[in-house]
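A.B. asks: The following block contains the structure, expressed as structure tokens.
The values are calculated or read from the model by the stated rules, or taken from the named source; none is laboratory data. Fair warning: this is a prediction, and the values are worked out from it, not measured in the lab. Note that each Cβ is placed from the backbone with ideal geometry, even for glycine, and that neighbours are counted across all protein chains shown. Note: accessible area is taken over every heavy atom of the protein model, side chains too, but ligands, DNA and RNA are not part of it. Shrake-Rupley method; radii C 1.70, N 1.55, O 1.52, S 1.80 Å.
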Amino acid sequence: MTIQDAFDAVVFKMPQLLARHLAHPRRGEGHLDGSAYLLLTRLSMAGPMSVGELSEALGLDTSTLSRQTASMLSSGLVQRIPDPEGGMARKFRLTDEGRRRLDRERSGNVSGLELVLEEWTPDDRAAFAGLLERFNLDIERRAGRPWPRPAPQSDGTRTS
């Protein structure tokens with residue numbers, strides 16, 4: 001396989017991984033759409049953020065984020081709060097319902113991934129996880145938008 005073939009394969013396979021195998025099987029009542037999952041994950045990792053901070057962190061325009069946060073507000077997933085540091089902009093924080101739904105969605109994603117990888121060896125799973133982390137870190141470095149990560153636990157797993 002040439003390097004170009006490898007790049008073409010990755011670009012072709014990535015949407016299949018995300019859309020077909022993780023997100024689509026659980027669409028419907030009570031499930032988060034991709035944008036809500038992304039925003040709630042960021043808020044859970046970084047704490048309260050304003051629309052401007054979310055825009056900078058995610059590389060999305062403020063009008064898009066305003067629509068998405070308005071939808072999450074009306075669904076009770078986030079709430080607006082005064083800036084805890086005394087700034088002028090109001091910030092968004094996860095509600096208990098937002099945390100519950102995010103945890104449930106993440107658990108469903110983990111279960112789906114466990115099914116896909118159930119026949120893989122532990123070494124293959126670890127290699128895959130390591131390469132995905134490296135891939136994401138390189139994207140973040142190039143974009144200048146690092147993503148907060150859960151702290152490792154003493155057993156090597158991560159908390160969120």
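A.B. asks: What are the residue pairs meeting all of these: first residue in the stretch 31-46, first residue in contact (Cβ under 8 Å) with a residue 40 or more places away in the chain, second residue part of a loop (DSSP other than H, G, I, E, B) and among the basic types (Lys, Arg), Cβ atoms under 9 Å, and 6 or more apart or on different chains?
C.D. replies: Matching pairs, first to second residue: MET45/ARG149.
A.B. asks: Within the stretch 79-86, can one find any residue that is in contact with a helix residue (DSSP H, G or I) (Cβ under 8 Å, 6 or more places away or on another chain) and modelled with pLDDT of 85 or more?
C.D. replies: Yes - at least one qualifying residue is present in the stretch 79-86.
A.B. asks: Shifting gears a bit: Could you run through the stretch 78-103 and say how many residues are of a type outside the set (Val, Ile, Thr) and without any contact (Cβ under 8 Å) to a residue 40 or more places away in the chain?
C.D. replies: Total meeting the criteria: 14.
A.B. asks: Scan ARG145, ARG104 and give me the residue that is open to solvent by 80 Å² or more (accessible area, probe 1.4 Å), more than 17 Å from PRO48 (Cβ to Cβ) and assigned to a loop (DSSP other than H, G, I, E, B).
C.D. replies: Only one candidate passes the filter, namely ARG145.
A.B. asks: Do you know which residues across the stretch 29-54 are more than 27 Å from GLY108 (Cα to Cα) and part of a helix (DSSP H, G or I)?
C.D. replies: The answer is VAL51, GLY52, GLU53.
A.B. asks: Moving on. Mind listing whichever residues of the stretch 41-55 are closer than 17 Å to MET88 by Cα and open to solvent by 30 Å² or more (accessible area, probe 1.4 Å)?
C.D. replies: PRO48, GLY52, GLU53, listed by residue number.
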